[in-house]
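The values are calculated or read from the model by the stated rules, or taken from the named source; none is laboratory data. Not measured: the values here are computed from a predicted model. Note that each Cβ is placed from the backbone with ideal geometry, even for glycine, and that neighbours are counted across all protein chains shown. With ligands, DNA and RNA removed, areas are computed over all heavy atoms of the protein, side chains included. Shrake-Rupley method; radii C 1.70, N 1.55, O 1.52, S 1.80 Å.
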Amino acid sequence: MDIDWTALRAAAVDVARRAYAPYSRLRVGAAGLTGDGLVVTGCNVENASFGLTLCAECGLVSALHATAPSPAPATAPLKVPVKVPVLVAVAVVAGDGDPLLPCGRCRQLLQEAGGPSLLVDTANGPLPLSELLPAAFGGADVAARREAGAS
Ligand SMILES: [Zn+2]
């Protein structure tokens, strides 16, 4: 799949202008490309409590899930899996337009949204997420360590 990194970064720059960052004054935008060619974006949203601040990648992942087709009636059990598009590439930029690496929490979020082969734009070119988050924790770890009787 050809990835237009210039366009992806431009989408991140565009959404960074919508960031709410009155405390840090560091606007951040993130744009992700799915395997289906869909671009989803997110920007950081700060909060006076600081601890509630949302990174741009949080908004991106939320937007990604919002693009999923409705899998079942709203009354269906939560165990019915939702088919969420998989991210294949992500560009994160600061308000100056230059790449900004995702924080640790967001690397974990992106891991579940794109997997270890997800390409992340960096100042030195795209890198697979597996290089930014080695030995990642995932759903298989949860399943393997779940106590008996839990579902
Ligand atoms: Zn983050």
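All conditions but one from (1) in contact (Cβ under 8 Å) with a residue 40 or more places away in the chain; (2) open to solvent by 30 Å² or more (accessible area, probe 1.4 Å); (3) small (G, A, S) apply to G32; the one that does not is (2).
Can you pull out the residues in segment 112-151 that are within 15 Å of V92 (Cα to Cα), without any contact (Cβ under 8 Å) to a residue 40 or more places away in the chain and surrounded by 11 or more Cβ atoms within 10 Å (Cβ to Cβ)? Result: L118, V120, T122, L127, P128, L129, L132. Taking segment 90-107 as the range and being open to solvent by 10 Å² or more (accessible area, probe 1.4 Å) and away from the ligand (no atom under 13 Å from the Cβ) as the test, the residues that pass are G95, D96, G97, D98, P99.
Only one entry in L87, L60, L52 is at pLDDT 95 or above and within 14 Å of the ligand (Cβ to nearest atom), namely L60.
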